[in-house]
Structure formats: structure tokens, C-alpha cells
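The values are calculated or read from the model by the stated rules, or taken from the named source; none is laboratory data. Note that the structure is a prediction, hence the values are computed from the model and not measured. Backbone-built Cβ (ideal geometry, glycine too); neighbour counts: all protein chains shown.
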Amino acid sequence: DAKTTQPPSMDCAEGRAANLPCNHSTISGNEYVYWYRQIHSQGPQYIIHGLKNNETNEMASLIITEDRKSSTLILPHATLRDTAVYYCIVSGNSGGSNYKLTFGKGTLLTVNP
Amino acid sequence: SAVISQKPSRDICQRGTSLTIQCQVDSQVTMMFWYRQQPGQSLTLIATANQGSEATYESGFVIDKFPISRPNLTFSTLTVSNMSPEDSSIYLCSVDPIAGGDQYFGAGTRLSVL
């Protein structure tokens, strides 16, 4: 069973920030939050991950709440090429999981001109 | 990061035949994964193929149907055996170069079974 809950779809205007929420209320202490995206007809692309601190890279920012039960992926200036399905995944190296990724249904982000 | 090449990119096969999908990585990696993405669905992990050990299959996937080879640290194959139309999917391989959860995916193999 997926450990995360995401809205099925969101819209965003080009040039504006896209804020994608994710609930992971059952996350355990040694599990990370990962974000991937899948542009149509391509393989998934790693975006960012974090444990409890906020993270930023060249693609996005990840904000994790203090209780770690939810997070938000922020694309600061969305472009049309950011239209994709965004997956929020929790995973960790415990119980022999070896950071296996369990993909849920994700959020289809549509960036509009 | 890692660059992954999959072959073939797509194929159309007849029922009852088998297809072997190749996954080539541009660097040596221990952890490699095979996924299936059925039409309109999300990805489902088939198996973990770490070099030096037998592949570990997820629930619902068996070695007789999806045999995997991992002869070295840069290459793996997945065979879809005795295919039926229900096997029509995209099959993707991925690697985890630093065993830290950030996986890099190939473009996938789009399989149609008639």
C-alpha cells in the first residue's frame, strides 16, 4: 500500500510557483521523502529528497513539516516543460527494503501558458 | 548520476513468445531495479537485481515469468516469458548509484503483445 497521499491533479500558470503537497502521516523516523516526476513517454526523473530539514537544489525546494507528516515540493518558476506526473515517495533502508521505491498515483501537474 | 540505455525501445510480439530487454549503465552500480508500468497506471517494482546475488522478486512476480540476469555491474536483462496481451506494458530499469534512494531510470521498453 502506498504510504503517501497526493491530490490527483493540479494546475499552475507558467512562471508562477507550483506547490505540490504530500501527506505521509505514517512515515517512520529513518524514512526519507523522495520526489520524482514522469514526463509523458519518459522514465521517471529524480527531483529531490529529504529527511527532516528543508532541501533545495537546482530543480526544486522541498519543505518538510516539523512533525514530518507532510511535505511540499516547490517549483519556483514553473514552465510548460514541468508538466508531468509528480510522485511523492517515502522510503528508507530498513527491514531489507534497500530504499525500494513504491510509486503511488502521483499528482498530474499541468502548467498552463 | 547515471545514464541508462534500454533496448529495444519498443516491440510488438506475438502471444506465447518471449522478449529479452537489455539495460546498460554508463557506470558501475550495485543496485538495479526492474519496473512495469501498465497502461495508464503507475510504476510497479518487479524485482531488485543486485550484482553478485540472485534477483529478489516482489509479490506477484515470479522468476519463471520474468527471469533476470545481472552478469556485471553495468548490465542486466529482463525476459518476459510466454507473453500474453496482459503483459503489454512499459518495462523500465533503474539504478541507485549510491544506494541512497535517488534512482535513475531508463526511457523504458514499450511492449505490445498481440
Checklist line | Members of the range B:92-102 that are more than 11 Å from B:Val29 (Cα to Cα) and either more than 8 Å from chain A (Cβ to nearest Cβ) or at pLDDT 85 or above (or both) | finding: B:Leu92, B:Cys93
Notebook entry, point to check: Any residue in the range B:18-37 that is touching a helix residue (DSSP H, G or I) at 6+ places or on another chain (Cβ under 8 Å), more than 14 Å from every other protein chain (Cβ to nearest Cβ) and in contact (Cβ under 8 Å) with a residue 24 or more places away in the chain?
Noted result: no
Item checked: Tally of residues being closer than 30 Å to B:Thr48 by Cβ and either free of Cβ contacts under 8 Å to residues at least 24 places away in the same chain or part of a strand (DSSP E or B) (or both) across the range A:57-71 -> 7
Notebook entry, point to check: Looking at this structure, is A:Thr110 away from chain B (no Cβ under 11 Å) and either out of contact with any strand residue (DSSP E or B) (no Cβ under 9 Å at 6 or more places or on another chain) or of a type in the set (Val, Ile, Thr) (or both)?
Noted result: yes
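Would you point out the residue of the range A:6-48, among those that are of a type in the set (Val, Ile, Thr) and within 14 Å of chain B (Cβ to nearest Cβ), that is farthest from B:Ser89 (Cα to Cα)?
Looking at the filtered set, the residue picked out is A:Ile27.
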Next item on the list: Return the pairs, sorted by first residue and then second, in which the second residue is not in a strand (DSSP E or B), the first residue lies in the range A:77-93 and is among the aromatic types (Phe, Trp, Tyr), the beta carbons are less than 6 Å apart, and the residues are 6+ apart or on different chains.
Entry: A:Tyr86/A:Gly106; A:Tyr87/A:Phe103; A:Tyr87/A:Gly106
